[in-house]
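Reading through the structure tokens given below for one structure.
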Amino acid sequence: MTFEEFYLAAKDDCLRAMVAATADVPEAEDVTAEAFARALDRWPELQHHPSPRAWVVRTALNLRTDRHRHRQRTSTLVTKLARPEVAPEPPSPIDPALLDALRQLPARQREVIALRVLLGLSGAETARELGITTGSVGTHLHRGLAALRSRIQSSNPEVTP
């Protein structure tokens, strides 16, 4: 059986299984499509699997779990960055105007600035930690730093860039 034949015969069943498992049609469609893409990559071995359909559904469920965990971690990180329960003492004083300006940035820009500027991670390391592309890291860093400059200059006109 070719992959195309398998796909045409199995796609509806696998999608129905995922819709039932997730109760979320768009998410079920996404993870099922990704699972089929992975099945295509592994088709030479997978065609001999006892149940390729089960493999696709299991893979889709694992993808869904991974996405859910990623959203939870991201949400937890965003929550901690946005509203820390107990603000720890920074190792060195940080200008209150800078802290205020940071709090006004979107969460992703704060995350990128924290990892790139404060922790000194490379663009690739930051991308890996946040689950985004290196190009997105650069975009968020550029926009975040520009917004910080603008906010700090507007609150303190004698500061030059």
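The values are calculated or read from the model by the stated rules, or taken from the named source; none is laboratory data. These figures come from a predicted structure and were not determined experimentally. Methodologically, a virtual Cβ is constructed for each residue, glycine included, from the backbone with ideal geometry; neighbour enumeration extends over all protein chains shown. With ligands, DNA and RNA removed, areas are computed over all heavy atoms of the protein, side chains included. Shrake-Rupley method; radii C 1.70, N 1.55, O 1.52, S 1.80 Å.
So the values come out like this:
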quantity	calculated
Test for L121: is it farther than 30 Å from V25 by Cα, outside any helix (DSSP H, G or I), at pLDDT 80 or above and of a type in the set (A, V, I, L, M)	no
Any hit, segment 31-43, residues being charged (D, E, K, R) and either in contact (Cβ under 8 Å) with a residue 60 or more places away in the chain or touching a Leu at 6+ places or on another chain (Cβ under 8 Å) (or both)	yes
Within segment 1-30, tally of residues that are in contact (Cβ under 8 Å) with a residue 12 or more places away in the chain, open to solvent by less than 60 Å² (accessible area, probe 1.4 Å) and out of contact with any Phe, Trp or Tyr (no Cβ under 7 Å at 6 or more places or on another chain)	10
Matching residues, segment 13-52, being in a helix (DSSP H, G or I), over 28 Å from the mean Cα position of the chain (by Cα) and modelled with pLDDT under 90	D13
Scan of segment 55-69 for residues that are of a type in the set (D, E, K, R) and open to solvent by less than 80 Å² (accessible area, probe 1.4 Å), ordered by number	R64
Which numbered condition T76 fails, given (1) under 30 Å from R38 (Cβ atoms); (2) at pLDDT 75 or above	(2)
Test: residue in segment 102-112 that is in contact with a Lys or Arg (Cβ under 8 Å, 6 or more places away or on another chain), over 21 Å from H70 (Cα atoms), of a type in the set (A, V, I, L, M, F, W, C) and at pLDDT below 80	yes
Complete set of residues in segment 107-121 that are out of contact with any helix residue (DSSP H, G or I) (no Cβ under 8 Å at 6 or more places or on another chain) and either surrounded by 15 or more Cβ atoms within 10 Å (Cβ to Cβ) or of a type in the set (G, A, S) (or both)	G120
Neighbours by Cβ (under 9 Å, 6+ apart or cross-chain): first from segment 136-161, open to solvent by less than 40 Å² (accessible area, probe 1.4 Å); second at pLDDT 95 or above and of a type outside the set (G, A, S)	none
